[in-house]
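Every number in this text was worked out from the coordinates using simple rules, so none of it is lab data. Quick caveat, the model's predicted, so the values are computed rather than measured. Neighbour counts run over all protein chains shown; Cβ positions are idealised from the backbone, glycine included.
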């Protein structure tokens, strides 16, 4: 163990934190407070010392964090990074038995929550010790350890640092093992790619229990020696205000936040912020272009997952609708035969060279084995490659639909639908029919008419005849995860009949219920 060592070990997050031990001019911004990196790591050392008095040495040192984006989350993450403690990100949108299940799966000895989250644990069967950071008991736990020195463990890059649950859009979330290497590698790569350094401010508004905020945000700031501006929960208006307030230079996102920010009416100062880079995934090409123009910045959309088995990077010549060039070792295969598909055909995105940065699922060897079946990392995502070698996203494996004997990916259809000015959000999925699948579209579109939808789709030259939705349902909102991913299994289970059905190229009111 080393106290305050200064040599950066780029292979571990603890090594990247070491040079920040004595830094006073950069650190963490949260609401009206600023905490220097020196003070931040001191706070982390205090929490580490306190937790060690409670943790049972004969059990895995797993600490669940059930918190919004508050400074305490950052302190605990750094505490885990410099020690043998393993942080467990608990999804604050989970409830009841589902939340209890996550705590048990991850072997949490302790769960740290706040006044607005510990209530989620009321009435559930949970064997973990619960601490509420907003009570005197938490302060009393920390008080005896004031002044604890910052001691940073020597780590192997493969040492377990955090368990991060998958989003659970298609089934029960799985706890992904995230190593020191996974955090440090992504942090260094992105900091180098985007030139993140000591003058930068990294903005985190995506939930820190998710890999997007921690691995593509928090660790990037650490790797660059930058500051962090933390927002408790995402807000579209708050996002814009914080760009000015904290002079943000780098922000990350996942899902649809760019779309929500763009729905805020433009203001004269939007293009006068310090923002340089916005990095994330799953934003539409239209939203990326509009956001970049409005805020005078560069928007980079990548492809990856918490597991880290495949990463696809956009290049300057990547078409707007594509993810990037097909990386070495990545293939598009027929999920039934594992044989490569032809350009233009939809298949599963796989890494034939191995696991990549995937370290497995905690406590679920069967799911790990299935993910790596046949020595191939299987993303569970669909894609296709164009004639120029660029890969396009076609949806999740569960989004696969069979129409007239052809496999159809639903993501391209969703991207086309949201071009309509009246359609705010779209979810498309297949429902088994007598032959193949019916293609359902669930739309958030208050002013949409059946006639305008049919006219619009007829004018889309990149929409094939088999990609037209056969059933359309209008809703006020879509079920989403905390990172704004649509939960299609909820839509599939909804027995509500469609509003319109497609008949001879037109959309007519559904009369089947009558």
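A compact table of results
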read-out: Label zone at residue 274 (point 7 Å along Cα-to-Cβ), backbone N below 11 Å, the range 186-200; value: 198-200
read-out: Helix 96-105 axis, angle to the chain major axis (alpha carbon atoms, nearest 10°); value: 60 degrees
read-out: Gyration tensor verdict on the range 298-337 (Cα atoms; rounded if a/c is under 1.5, prolate if a/b is larger than b/c, oblate otherwise); value: prolate
read-out: Extension gain (nm, one decimal) between residue 101 and residue 476, 0.36 nm per residue minus Cα-Cα; value: 131.9 nm
read-out: Rg(Cα)/(2.2 N^0.38 Å) for the range 1-134, N = residue count; value: 1.11
read-out: FRET efficiency estimate (nearest 0.05) - Cβ-Cβ, residue 244 to residue 317, R0 25 angstrom; value: 0.15
read-out: q = 0.10 Å⁻¹: log10 I(q)/I(0) that the Debye formula gives for the chain, counting C-alpha atoms only; value: -0.82
read-out: Degrees, to the nearest 10: 285-295 long Cα axis against longest axis of the chain; value: 50 degrees
read-out: Residues residue 134 and residue 156, FRET efficiency given R0 of 41 Å [Cβ-Cβ distance, rounded to 0.05]; value: 0.70
read-out: Cα→Cβ-extended label distance, 7 Å offset, between residue 492 and residue 370, nm; value: 1.3 nm
read-out: Most to least packed among 181-188, 404-411, 444-451, 227-234 [average Cβ atoms within 10 Å]; value: 181-188, 227-234, 404-411, 444-451
read-out: Kirkwood-based shape ratio for the range 324-396, expressed as Rg/Rh from alpha carbons; value: 0.99
read-out: Estimated FRET transfer efficiency (residue 193, residue 286; beta-carbon r; R0 22 Å; 0.05); value: 0.35
read-out: Set of the range 267-292 residues, backbone N closer than 14 Å to the point 7 Å along the Cα-Cβ line of residue 237; value: 267
read-out: Helix 236-245 axis, angle to the chain major axis (alpha carbon atoms, nearest 10°); value: 40 degrees
read-out: Shape of the range 400-509, Cα gyration tensor, a/c cut at 1.5; value: rounded
read-out: Stokes-Einstein translational diffusion, the range 142-208 - Kirkwood Rh over all Cα pairs, 1.306 mPa s, 10 °C, in µm²/s; value: 103 µm²/s
read-out: Sorted by Cβ density within 10 Å, fewest first, the residues 392, 62, 244; value: 244, 392, 62
read-out: Alpha carbon centroid spacing (whole Å) that separates the range 113-135 from the range 47-90; value: 15 Å
read-out: Spin-label model distance (nm) - residue 127 vs residue 388, 7 Å beyond Cα toward Cβ; value: 5.7 nm
read-out: The chain, relative contact order [Cα under 8 Å, separation at least 6], %; value: 10 percent
read-out: Fraction of beta bridges assigned by DSSP in the chain that are antiparallel (%, nearest 5); value: 55 percent
read-out: Contour excess over end-to-end distance, with Cα ends at residue 338 and residue 431 and 0.36 nm allotted per residue; value: 31.0 nm
